[in-house]
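**Q** One structure is given below, represented as structure tokens, and several questions about it will come after.
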Amino acid sequence: MHELLWLVPTLPLLGSVILMLGAGRLSIRAEAAAGALSVGFAAVIAFTIAGGFLLSPPAGAAYEQTLWRWFDVGGLSVTIGLRLDPLSLVMMLVITGVGFLIHLFATEFMEGEEGYGRFFAYLNLFVAAMLLLVLGDNFLTLYTGWEGVGLCSYLLIGFWWRDPANGLAARKAFIVTRIGDTALLIGLLLIASRLGTLNIAGAMHNAAQSWPAGSPLATLAAFLLLGGAVGKSAQLPLQTWLPDAMAGPTPVSALIHAATMVTAGVYLIARTHALFLLAPAAQYTVGGIGAATLLLAGFSALAQNDIKRILAYSTMSQIGYMFLALGVGAWGAAMFHLLTHAFFKALLFLSAGAVTMRLHHEQDIFKMGGLARRLPVAFWSFLIGSAALAALPLVTAGFYSKEAILSGAWADGSSGRVLWAAGVFGAFITGLYIFRAVFIAFFGEAHTEVSGRYGWRVILPLTVLSVLSVLGGLIELPPAFGHVTLLSNLLAPVLPATKEAASVVPLLVASLAGLLGIGLAAVLYWRPARPPAETPLWRFWHAAAGFDWLYGRLLVRPVLWAAREGADDVIDSVYDAIAWTARTLHEQVRRTQSGRVRFYTAGLAIGSISLIAIAMIR
Amino acid sequence: MTAIPLDQGLGLAAALFALGLAGVLVRRNLLFMLMSLEVMLNAAGVAFVVAGARWAAADGQIMFILVLTFAASEVSVGLALILLMHRRNSTLDADASYHLRG
């Protein structure tokens with residue numbers, strides 16, 4: 001079955017091409033089929049390959065498929081190749097599996113929208129690019145996929161282009177992530193020039209050979225890669241684009257801005273963990289960024305009224321947890337949380353989408369209210385997702401993955417304890433902000449009309465994701481609960497083992513923190529459902545600590561000012577002079593075109609006489 | 001009968017050509033310009049014939065017949081154009097039509 005690996009990214013690409021070429025010629029049904037089934041078939045193939053991989057692991061725990069040679073110049077040979085190892089296997093299953101469920105949901109969610117086929121063309125292209133990103137065996141293939149998902153993110157955020165605000169949000173996302181991408185590109189060039197290869201496994205091997213731990217080059221390379229990861233995963237200081245990215249349709253937020261693309265940074269760092277192990281400074285920074293982001297985003301989520309923005313800040317915060325895990329060397333825990341987060345955050349976004357599609361796209365939680373009885377399907381899905389996000393002990397997947405991260409942080413010495421404390425406080429905030437949304441939106445008095453019913457294409461993905469959000473954690477249980485290690489056994493060949501806390505105390509404290517948050521939310525938001533007063537503190541966190549304001553003053557305005565002032569500088573005058581010369585000459589030469597035939601004849605005569613004269617004199 | 005010396009024949013051709021050219025440049029009436037053009041063509045024809053006689057070759061006369069044919073076709077087109085321009089501008093003044101001025 002391994003030979004079919006190339007089909008996994010190719011099928012969504014094919015679906016995208018069909019949808020693009022058939023634009024305006026296909027029926028809605030055909031477009032839905034092409035959009036969802038291409039990813040569905042890719043998922044079937046991916047799961048079949050995964051079955052084969054798990055039953056009989058290939059030698060070296062990796063299967064490589066070289067498709068063709070891209071270029072071979074100056075001693076640098078780059079092939080387009082796919083590499084399936086446990087790490088990319090997990091990512092591939094998440095992308096195709098969760099991706100298919102979201103596509104299925106979208107076929108119903110997007111019904112009646114303008115540009116139905118265009119939507120699925122972009123979404124399929126995204127899946128293809130994302131698969132290329134995780135399956136590529138060298139950095140250049142990875143970078144191609146990296147830029148491809150960035151492009152699709154831009155296209156889909158601005159999908160409803162008639163509203164200029166959406167286009168603005170799309171451009172913001174594109175430009176902010178591009179800053180990180182540039183750092184990544186410089187990092188890749190550094191690796192290519194210093195280590196002589198772009199093959200990821202080869203480069204990691206060479207790095208361990210030629211760069212001693214803590215050497216400046218290794219640190220520089222790790223920081224540059226971190227820059228790319230920070231931009232793509234919306235971590236400090238490049239996090240400002242993610243809340244605005246919610247301008248896109250909800251399935252896009254679920255697939256791109258929650259389950260897959262924003263976790264690409266986590267994947268990148270896990271993939272290049274050998275480099276980060278050589279650069280302790282960079283690895284500490286990863287953990288610090290994660291802790292800072294998870295707290296900042298958690299506080300910001302508390303001050304939002306828009307249900308999608310709450311989820312956006314929560315995504316940022318959860319990826320902060322993954323970065324924290326990477327920072328303390330709990331690689332497996334980061335991947336575990338990536339997996340469960342993909343389930344419950346996709347579930348949260350889809351159920352939020354299911355709510356808004358029945359409320360005429362109303363996203364303000366204070367205008368919802370009392371939805372629990374009127375939209376039971378959406379309510380139960382959202383509740384299960386929220387429980388998993390808040391890490392409700394024992395019964396949710398999010399509990400086990402968050403425990404794995406916090407346990408890894410606890411075991412990582414004194415600096416790890418600080419990160420652990422931040423993580424525990426974050427768990428408290430998480431329970432508070434998500435159950436604030438649950439209580440305000442689903443309980444209390446009703447404020448809006450609800451219309452319509454859900455089809456199976458909405459109910460099925462919600463059900464499957466609910467089940468996964470509850471049971472997905474059972475693949476990896478801490479020593480206190482049976483000690484199941486399916487995922488870490490799988491990842492053992494590619495990622496170093498995670499340290500685990502020996503005592504049960506941190507586990508208990510962290511569980512209590514989450515419960516405390518949920519309890520406080522119940523006390524505070526059970527009864528009244530009035531929008532919060534606009535205190536300065538609320539405004540500060542509503543604007544996510546004012547990073548947009550800061551960047552606007554610090555970067556955007558100076559650049560715009562410089563562009564305006566620099567429009568007529570010295571360099572510009574050179575081109576102005578060229579234009580002036582051309583125009584002046586034109587005015588002079590234009591006069592010879594008098595339109596009088598005798599003038600032309602005279603010109604001919606004088607010209608021929610002069611030529612003859614010259615010929616005779618010479 | 002003695003042949004006309006080459007230099008005298010070519011001198012005649014040159015004089016005719018200059019007269020024709022002067023006519024084209026000086027006259028403003030399109031009909032006269034066309035006639036001056038004919039004079040120039042015939043000057044070229046004279047040059048061919050004189051040169052053919054000098055080297056006792058038939059080529060010169062053949063070329064002259066070719067020139068005549070061209071002149072005939074050119075005149076038919078030219079007259080048609082003049083007719084059209086007269087209808088359009090109700091004058092034969094060449095300087096009156098400068099619609100292609102740049």
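The values are calculated or read from the model by the stated rules, or taken from the named source; none is laboratory data. Just so it is clear, the model here is predicted, and its values are computed rather than measured. A quick note on method: Cβ atoms are made from the backbone with ideal geometry, for glycine too, and the neighbour counts reach across all protein chains shown. Quick note on the areas: whole protein, heavy atoms, side chains included, nothing else; ligands and nucleic acids left out. Shrake-Rupley method; radii C 1.70, N 1.55, O 1.52, S 1.80 Å.
**Q** Within the range A:316-365, track down each residue that is in a loop (DSSP other than H, G, I, E, B) and either at pLDDT 90 or above or over 23 Å from A:Trp160 (Cα atoms) (or both).
**A** Kept after step one, since they are in a loop (DSSP other than H, G, I, E, B), are these residues of the range A:316-365: A:328-330, A:359-363.
Within the range A:316-365, A:Val328, A:Gly329, A:Ala330 meet the criteria.
**Q** Are any residues in the range A:145-202 part of a helix (DSSP H, G or I) and hydroxyl-bearing (Ser, Thr, Tyr), and if so, which ones?
**A** If we filter the range A:145-202 for residues that are part of a helix (DSSP H, G or I), which is where we start, we get A:145-157, A:164-195, A:200-202.
Within the range A:145-202, A:Ser153, A:Tyr154, A:Thr177, A:Thr182, A:Ser193 meet the criteria.
**Q** Across the range A:454-488, what is the total count of residues that are assigned to a strand (DSSP E or B) and touching a residue at least 60 places away in the same chain (Cβ under 8 Å)?
**A** Within the range A:454-488, the subset assigned to a strand (DSSP E or B) is A:476, A:485.
Retained after the next criterion (residues that are touching a residue at least 60 places away in the same chain (Cβ under 8 Å)): A:476.
Matching residues across the range A:454-488 total 1.
**Q** Can you name the condition, by its number, that B:Trp55 falls short on among (1) open to solvent by 70 Å² or more (accessible area, probe 1.4 Å); (2) within 14 Å of another protein chain (Cβ to nearest Cβ)?
**A** (2)
**Q** Sticking with this structure for a sec: Condition first: open to solvent by 70 Å² or more (accessible area, probe 1.4 Å) and within 11 Å of chain A (Cβ to nearest Cβ). Now tell me which residues in the range B:82-102 satisfy that.
**A** Result: B:Tyr98, B:His99, B:Leu100, B:Arg101.
**Q** Looking at A:Arg118, is it at pLDDT below 90 and outside any helix (DSSP H, G or I)? Walk me through how you get there before you give the answer.
**A** On the way: at pLDDT below 90: yes; outside any helix (DSSP H, G or I): no.
Judged against the criteria, A:Arg118 is not a match.
**Q** Turning to a different aspect of this structure: Can A:Leu537 be described as surrounded by 13 or more Cβ atoms within 10 Å (Cβ to Cβ) and out of contact with any His (no Cβ under 8 Å at 6 or more places or on another chain)? If you could, list the steps in order and put the result at the bottom.
**A** Numbers: surrounded by 13 or more Cβ atoms within 10 Å (Cβ to Cβ): no; out of contact with any His (no Cβ under 8 Å at 6 or more places or on another chain): yes.
Taking the combined requirement at face value, the residue does not satisfy it.
**Q** How many of the residues making up the range A:566-587 are within 14 Å of another protein chain (Cβ to nearest Cβ) and either small (Gly, Ala, Ser) or open to solvent by less than 70 Å² (accessible area, probe 1.4 Å) (or both)?
**A** The qualifying residues number 0.
**Q** Where the second residue is open to solvent by 10 Å² or more (accessible area, probe 1.4 Å) and the first is within 9 Å of A:Ile95 (Cβ to Cβ) and lies in the range A:127-143, which pairs have Cβ atoms under 7 Å and are six or more apart or on separate chains?
**A** A:Leu131/A:Pro9
**Q** Regarding the range A:495-506, can at least one residue be identified that is under 30 Å from A:Asn305 (Cβ atoms) and without any contact (Cβ under 8 Å) to a residue 12 or more places away in the chain?
**A** Step one: filter the range A:495-506 for residues under 30 Å from A:Asn305 (Cβ atoms), giving none.
No - not one qualifying residue is present in the range A:495-506.
**Q** Considering each residue of the range A:125-158, count those that are more than 15 Å from the chain's Cα centre (by Cα) and over 18 Å from A:Tyr267 (Cα atoms), and give that number.
**A** 1
**Q** On to the next question. Please count how many residues of the range A:121-140 are open to solvent by less than 20 Å² (accessible area, probe 1.4 Å) and assigned to a helix (DSSP H, G or I).
**A** Start the filter on the range A:121-140 by keeping residues that are open to solvent by less than 20 Å² (accessible area, probe 1.4 Å), which leaves A:121, A:123-124, A:126-131, A:133-139.
From what is left, the residues that are assigned to a helix (DSSP H, G or I) are A:121, A:123-124, A:126-131, A:133-135, A:139.
Number of matching residues: 13.
**Q** Okay, next question. What single numbered condition from (1) over 30 Å from A:Gln209 (Cβ atoms); (2) at pLDDT below 90 fails to hold for A:Ala274?
**A** (1)
**Q** I need every pair where a residue in the range A:588-600 that is at the interface with chain B (Cβ under 7 Å from one of its Cβ atoms) has its Cβ under 9 Å from the Cβ of a residue that is basic (Lys, Arg), sequence separation at least 6 or different chains.
**A** A:Gln593/B:Arg101; A:Ser594/B:Arg101; A:Gly595/B:Arg101; A:Arg596/B:Arg101; A:Arg598/B:Arg27; A:Arg598/B:Arg28
**Q** Still on this structure, I have one more. Contact list please: Cβ distance under 8 Å, first residue in the range A:193-219 and under 18 Å from A:Gly75 (Cβ atoms), second residue of a type in the set (A, V, I, L, M, F, W, C) and exposed (fewer than 14 other Cβ atoms within 10 Å of the Cβ), pairs at least six apart or on different chains.
**A** Listed pairs, sorted by first residue: A:Gly196/A:Leu76; A:Thr197/A:Leu76; A:Leu198/A:Leu76.
**Q** Another question, then. State whether one or more residues within the range A:595-608 are modelled with pLDDT of 85 or more, open to solvent by 60 Å² or more (accessible area, probe 1.4 Å) and more than 30 Å from B:Met85 (Cα to Cα).
**A** no
**Q** Which residues, taken from the range A:35-87, are in contact (Cβ under 8 Å) with a residue 60 or more places away in the chain, surrounded by 15 or more Cβ atoms within 10 Å (Cβ to Cβ) and in a helix (DSSP H, G or I)?
**A** A:Gly35, A:Ala36, A:Ser38, A:Val39, A:Gly40, A:Ala42, A:Ala61, A:Pro86, A:Leu87
**Q** Related question: Has the range A:329-350 got at least one residue that is over 30 Å from A:Phe223 (Cβ atoms), without any contact (Cβ under 8 Å) to a residue 24 or more places away in the chain, of a type outside the set (Ser, Thr, Tyr) and in contact with a Phe, Trp or Tyr (Cβ under 9 Å, 6 or more places away or on another chain)? Lay out the reasoning, then the answer.
**A** Just the residues of the range A:329-350 that are over 30 Å from A:Phe223 (Cβ atoms), to begin with: A:343-344, A:346-350.
Now restrict to residues that are without any contact (Cβ under 8 Å) to a residue 24 or more places away in the chain: none.
The answer is no; no qualifying residue exists.
**Q** Here's something else I'd like to know. Could you grab me the full set of residues in the range A:398-419 that are over 17 Å from A:Trp331 (Cβ atoms) and touching a Phe, Trp or Tyr at 6+ places or on another chain (Cβ under 6 Å)?
**A** Once the filter is applied, which keeps residues that are over 17 Å from A:Trp331 (Cβ atoms) and touching a Phe, Trp or Tyr at 6+ places or on another chain (Cβ under 6 Å), the range A:398-419 yields only A:Gly398.
**Q** While we're on this one: For the range A:601-613, which positions are facing another protein chain (nearest Cβ under 9 Å) and of a type in the set (Ser, Thr, Tyr)?
**A** Pass one, the range A:601-613, residues facing another protein chain (nearest Cβ under 9 Å): A:601-602, A:605.
The answer is A:Thr601, and nothing else.
**Q** Evaluate the following for A:Leu392: is it of a type outside the set (Ser, Thr, Tyr), closer than 24 Å to A:Thr498 by Cβ and either without any contact (Cβ under 8 Å) to a residue 12 or more places away in the chain or not in a helix (DSSP H, G or I) (or both)? Talk me through it step by step, then tell me what you get.
**A** On the way: of a type outside the set (Ser, Thr, Tyr): yes; closer than 24 Å to A:Thr498 by Cβ: yes; either without any contact (Cβ under 8 Å) to a residue 12 or more places away in the chain or not in a helix (DSSP H, G or I) (or both): yes.
It is true that A:Leu392 is of a type outside the set (Ser, Thr, Tyr), closer than 24 Å to A:Thr498 by Cβ and either without any contact (Cβ under 8 Å) to a residue 12 or more places away in the chain or not in a helix (DSSP H, G or I) (or both).
Quick grid of which residues meet (1) open to solvent by 10 Å² or more (accessible area, probe 1.4 Å); (2) among the polar types (S, T, N, Q); (3) assigned to a helix (DSSP H, G or I); (4) touching a helix residue (DSSP H, G or I) at 6+ places or on another chain (Cβ under 7 Å):
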site	(1), (2), (3), (4)
A:Ala213	yes, no, no, yes
A:Leu217	yes, no, yes, yes
A:Ala221	no, no, yes, yes
A:Leu224	yes, no, yes, yes
A:Gly231	no, no, yes, yes
A:Leu236	yes, no, no, yes
A:Gln239	no, yes, no, yes
A:Ala245	no, no, yes, yes
A:Pro251	no, no, yes, yes
